Amino acid sequence: MNVVSRILALLLVCQFALAQEVDDGDPLLNRPADRTYDLILASGYLKVGLYENFPPYSWQEEGEPRGIDVDIGRRIADGMGVEFRVHWITPDETLDDDLRNNVWKGHYLAKRRIADVMLRVPYDKKYAYMRDSTGEVINDQVVLFGPYQQEQWQIAFDADELEGVETLGIFQYHPIGVEIDTLPATYLTSAFGGRLRNQTRHFPNMAAAFQAMARGEVRAVMGMRAEIDHQLVLHRGNNFRPAINGFPGMGKQVWDVGMAVKHTHRQLGYAIEALVDQMVRSGDMAEIFENHGLRYSMPGFYQEILNTAATD
C-alpha cells in the first residue's frame, strides 16, 4: 500500500469514528460528534427525532416504533441509503425547549444526545424569525424546513346523541372532551364568555377522551384532525363522525407541519428537503396517511406552488 492509499484509508477510518457517539462511561452523557451530512452517511444511520406516545404520529408497540412520522422517517433514511434510528422526544413545556433539548444543544441531563433531524415542527415563518425583547432572533440555532402535512383542529361527535355540530353553542348543553393542557382545552373553557366551560371535560389524551365518548360520558371530542381520524378508525363500531364546523375567535386553525435541523447542518436539511419534496409531489406522502386510514392535506406551501387545493 503506497503512502497516498494509507492516508486515504486513515481518513475514512477517522471520518467513520467521528460520526459515532463517543462513550464516556455514562450512557446518559454520551456525546455524539457534530454529525454533519457527510458524517451521517459515513456512520450509516440517521437519528430522527419523534415525539413519544403521540399516536397516530409516533409511538411504540411491542417495542417497535409505529406511526405516520415513523414511516416518513424510514422513507427519508432509505432515500439517503442509511439505517433509520429513532430519537424519542419527551415534550417539554414549549417548542423552544424541545428544539433546544433535541436539535441544537441537548438536555442538561443528557448533554449532546440530540437528533439529526426532528419531525412534527410547525413550518411557520413568524415563529422561525420571532424575536425576544432585545430584538434577538429566538430560534437562530435551528432551521425549519420541509413542510410535509397540513394539520388543523377537528371535532368528532357521537351521531347517536347529536344530529351534528352546526355551531359550538350546543356545547353549552352537551359535554365535550379535550386533552388537558392543549389549545382546545384553553379555547373551550374561555371562548364565548366561558359559556362552554362547565361542559368541557379534560382527559390525559385523545384515547381516553374517545373512551369516555364510547361510555356516553361526553357527546364530542376536540383535537388535531389526524388524532381524531386515528381514533375514528379505532372506534369503527361506534357511530362517531367528524364535524365540519369552524372555531370562531380561535386564531390559527390550520397550519403546516415540517422539520428542523441545527443551523450548521443545512446540507443535511437540503438533502432531506429534496426527498420530502418528491414524496409530497408524487403522492407518496398522501399514501402514508391513507395506509393509516387518515385524511391527508397537502401543506399550504405546496398549494401555493402547485396552485392546487388540499387533498381531503
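The values are calculated or read from the model by the stated rules, or taken from the named source; none is laboratory data. Just so you know, these numbers come straight off a predicted model, no measurement behind them. Cβ: placed from backbone, ideal geometry, glycine included. Neighbour counts: every protein chain shown.
Yes or no: Ala208 in a helix (DSSP H, G or I) and small (Gly, Ala, Ser)?
For Ala208, the condition - in a helix (DSSP H, G or I) and small (Gly, Ala, Ser) - is met.
Only helices (runs of 4 or more DSSP H) wholly contained in region 47-135 count here; list those with 1 or more residues that are modelled with pLDDT under 95.
So the answer is 95-99, 125-128.
Could you identify the single residue in Tyr123, Tyr173 that is outside the structural domain of Thr90 (by TED's automatic domain parsing) and in contact (Cβ under 8 Å) with a residue 24 or more places away in the chain?
Within the list Tyr123, Tyr173, the selection yields Tyr173.
Considering only residues that are among the hydroxyl-bearing types (Ser, Thr, Tyr), surrounded by fewer than 22 Cβ atoms within 10 Å (Cβ to Cβ) and within 30 Å of Gly177 (Cβ to Cβ), which ones fall in region 124-160?
Passing the criteria: only Tyr127.
Suppose we keep only residues that are β-branched (Val, Ile, Thr) and farther than 23 Å from Val143 by Cβ within region 255-312. Which one would you say is modelled with the highest pLDDT?
Ile288
Where residues in region 259-283 are in contact (Cβ under 8 Å) with a residue 60 or more places away in the chain and among the basic types (Lys, Arg), which of them is farthest from Gly49 (Cα to Cα)?
In this case the residue turns out to be Arg266.
For Leu268, which of the numbered conditions (1) farther than 24 Å from Arg66 by Cβ; (2) assigned to a loop (DSSP other than H, G, I, E, B); (3) of a type outside the set (D, E, K, R) fails to hold?
(2)
Checking the structure you have, find out if any residue of region 196-204 is among the aliphatic types (A, V, I, L, M) and either outside any loop (DSSP other than H, G, I, E, B) or within 20 Å of Glu151 (Cβ to Cβ) (or both).
For region 196-204, residues among the aliphatic types (A, V, I, L, M) and either outside any loop (DSSP other than H, G, I, E, B) or within 20 Å of Glu151 (Cβ to Cβ) (or both): absent.
Out of Met298, Met259, which single residue is on the phi < 0 side of the Ramachandran plot, within 19 Å of the chain's Cα centre (by Cα) and part of a loop (DSSP other than H, G, I, E, B)?
Testing whether each residue is on the phi < 0 side of the Ramachandran plot, within 19 Å of the chain's Cα centre (by Cα) and part of a loop (DSSP other than H, G, I, E, B) leaves just Met298.
Please identify the pairs in which a residue from region 129-153 that is within 30 Å of Gln278 (Cβ to Cβ) has its Cβ atom under 6 Å from the Cβ atom of a residue that is of a type in the set (D, E, K, R) and surrounded by 19 or more Cβ atoms within 10 Å (Cβ to Cβ), counting only partners at least 6 apart or on another chain.
Phe145/Glu273; Gly146/Glu273; Pro147/Asp256; Gln150/Asp256; Gln152/Arg225
I want to confirm something. Restricting to region 227-260 and keeping residues that are under 25 Å from Met279 (Cα atoms) and out of contact with any Phe, Trp or Tyr (no Cβ under 7 Å at 6 or more places or on another chain), which single residue is surrounded by the most Cβ atoms within 10 Å (Cβ to Cβ)?
Ala260
This table checks each residue for (1) of a type in the set (Val, Ile, Thr); (2) touching a residue at least 40 places away in the same chain (Cβ under 8 Å).
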| site | (1), (2) |
| --- | --- |
| Ser43 | no, no |
| Leu46 | no, yes |
| Pro55 | no, yes |
| Gly63 | no, no |
| Ala77 | no, no |
| Glu83 | no, no |
| Thr90 | yes, no |
| Asp96 | no, yes |
| Asn102 | no, yes |
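Only one residue in Ala260, Ala209, Ala214 is assigned by TED's automatic domain parsing to the domain that holds Lys126 and of a type in the set (A, V, I, L, M), so which one is that?
Ala260
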